[in-house]
Amino acid sequence: MDLVILLLSVWALSSPVSAQVPAAASDLCPDRLLGNERIRTCPKPCTQDKDCGNKRQCLCDGQCGLSCVAPGRSCPWPLPLGEHLEARLLSPTPSFSALLEVRCDPGFTLPNGLDVAIRRCQGDRQWSGDEPICTVPTDSAADPTPTQMFCPRPEDDILHTNGTGTLGDTVQYSCLFGYTLVGSRENLCQHDQTWQHPHPICQKSFCPPPKEVENGYVVAVQKTEYEAGFETHFLCKKNFLLDGPNQIFCLSNGSWSGPPPFCRARCLIPAERSRIVIGGVKRWPYDVTDAMVPHGEKVTFFCKHPSQQCSLAASESCFDGKLNQPHCYLEPTWLQYKLFPHRLVSEIEACEPGDVK
């Protein structure tokens with residue numbers, strides 16, 4: 001810390017000073033070092049602003065002394081860094097005379113034993129000094145691997161952390177079944193051994209009561225909320241068929257595993273004097289119980305070929321109480337049914353495949 005204060009003091013003494021200020025103030029700027037140009041390119045020397053061009057001022061430029069500097073120019077930022085280094089700008093902008101702090105990662109130090117260096121933006125638009133090199137302290141040279149450091153783990157048996165929690169490590173959180181994560185799902189262990197975000201919390205999950213099923217029943221104890229893992233069943237009233245799952249589960253996120261099912265109604269067969277095919281069997285409608293078929297059942301009707309004496313098959317399916325006749329189907333009259341039963345379309349030969357267009 002003492003070195004940082006000393007460096008800041010030196011910077012303050014060498015900060016931009018116009019040659020137009022009193023001579024006593026300009027004396028604070030060091031003289032230009034002979035041979036310094038071999039290390040860096042110093043701007044044109046000066047004693048006052050009129051010695052420089054329109055866009056330059058006579059300012060103190062560190063070891064280059066009073067020089068013609070364009071104060072609006074800036075040094076490279078962000079700065080590419082080597083291993084085990086991180087940089088932080090100490091000034092609002094990386095313009096002339098700005099300060100930059102370069103720090104070693106925990107477990108590493110500079111050759112002088114410190115872990116931080118200060119660099120200054122010079123008139124040649126370069127940062128002063130060379131990039132620091134961070135090494136393992138000499139007292140731990142026998143073990144070149146620095147001691148690993150960790151961020152504190154959450155003290156919560158329900159909250160699970162996937163990751164080591166070492167410096168620079170990103171971890172993911174998850175909760176035990178039956179709990180919902182509230183907060184950030186990821187977190188970063190920072191170099192000062194603190195987390196980027198607070199640890200999330202796990203809240204117990206509940207599902208709202210499942211929706212009622214029309215023409216059906218929900219088989220469950222009536223509650224205002226249900227815990228994760230709770231299982232509820234559904235039943236339909238007589239003559240209704242369950243369409244969908246007969247059970248759903250309360251998930252860990254507080255929602256049900258699926259929507260409630262439907263209870264679908266049976267369909268009345270829209271034919272009386274013609275045989276139909278149900279389940280692969282050719283039957284008269286009055287031979288079917290209540291002359292009705294359940295939801296989803298396919299019923300095949302017989303239609304007459306428009307120009308030949310043969311029958312064509314056309315199918316429709318029952319959907320929740322509705323079963324339509326095919327457009328080609330024509331219900332026989334009572335006289336046709338009574339006087340000529342063997343001539344009914346459902347009783348004549350089927351058309352050959354070549355007759356069907």
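Rule-based calculations on the coordinates, nothing more; no lab input. No experiment lies behind these values; they were computed from the predicted model shown. Neighbour counts run over all protein chains shown; Cβ positions are idealised from the backbone, glycine included.
In debye, nearest 20, what is the charge dipole magnitude of segment 47-132 about its Cα centre with +1 on Lys and Arg Cβ and -1 on Asp and Glu Cβ, if you could check?
Numbers: 9 positive and 11 negative charges, 95 e Å.
Computed about the Cα centre, the dipole is about 460 debye.
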Inter-label distance, nm, simple model (7 Å from Cα along the C-beta direction), Arg153/Glu212: 5.1
Unit Cα scatterers, Debye sum, segment 228-313: log10 I(q)/I(0) for q = 0.11, 0.12, 0.20, 0.25 Å⁻¹: -0.50, -0.56, -0.92, -1.15
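Treating only the Cβ atoms of Lys and Arg (+1) and Asp and Glu (-1) as charged, compute the dipole magnitude of segment 267-355 about its Cα centre; round to the nearest 20 debye.
Values: 9 positive and 11 negative charges, 38 e Å.
So the magnitude is around 180 debye.
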Please find, in a Gaussian network model of the chain (springs between Cα atoms separated by less than 10 Å), the residue of Arg266, Arg185, Arg40 whose mean-square fluctuation is greatest. Arg40
Selected from Asp31, Asp192, Asp169 as most flexible by GNM, with the chain as the system and alpha-carbon contacts under 10 Å: Asp31
Can you pull the one-decimal nm distance between simple spin-label points at Thr289 and Asp192, each 7 Å off the Cα toward Cβ? 7.8
What is the P(r) of the chain, as percent of Cα-Cα pairs per 20 Å bin from 0? 18, 23, 17, 16, 16, 9, 1
Nitroxide proxy distance, nm - points 7 Å out along Cα→Cβ at Ser255 and Ser317: 2.7
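Using packing as a proxy for protection, rank 76-87, 156-167 so that the peptide with the highest average count of other Cβ atoms within 10 Å comes first.
Details: 76-87: 12.9, 156-167: 14.6.
Per-residue Cβ counts within 10 Å, averaged per peptide and sorted highest first, yield 156-167, 76-87.
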Taking Cα atoms, the helix 2-13 axis meets the longest principal axis of the chain at an angle in degrees (rounded to 10) of 70
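Using a Förster distance of 45 Å, how high is the FRET efficiency between Gln336 and Asn239, based on the Cβ-Cβ distance and rounded to 0.05? Kindly include the intermediate steps, with their values, before the conclusion.
Values: r = 32 Å, r/R0 = 0.72.
E(calc), rounded to 0.05, equals 0.90.
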Using only C-alpha positions, report the orientation-averaged shadow area of the convex hull of segment 173-282, nm², one decimal. 11.4
Would you calculate a helix-derived [θ] at 222 nm for the chain, using -39,500 (n - 2.57) for each DSSP H run of n ≥ 4 and dividing by the full residue count, to the nearest 500? -1500 deg cm²/dmol
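About its Cα centre, how strong a charge dipole does the chain have in debye, to the nearest 20, once Lys and Arg get +1 and Asp and Glu get -1 at the Cβ?
In total the dipole reaches around 1620 debye.
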The distance between the Cα centres of segment 336-357 and segment 272-311, in whole Å, is 13
Of Ser97, Val219, Leu312, which is farthest along the charge dipole of the chain in the positive direction, counting Lys and Arg as +1 and Asp and Glu as -1 at C-beta? Leu312
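Convert 37 °C to kelvin, take the viscosity as 0.692 mPa s, use the Kirkwood radius over C-alpha pairs of segment 79-215 as Rh, and evaluate the Stokes-Einstein diffusion coefficient in µm²/s, rounded to a whole number.
Details: Rh = 18.8 Å.
My calculation gives 175 µm²/s for D.
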Mind checking which of Pro71, Pro270, Pro92 has the largest fluctuation in a GNM of the chain, springs on alpha carbons under 10 Å? Pro92
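Which whole-number percentage describes the relative contact order of the chain, with Cα contacts under 8 Å and a sequence gap of 6 or more? Provide the component values of the computation, followed by the final result.
Details: 721 pairs, mean separation 26.3, N = 357.
Result for the chain is 7 percent.
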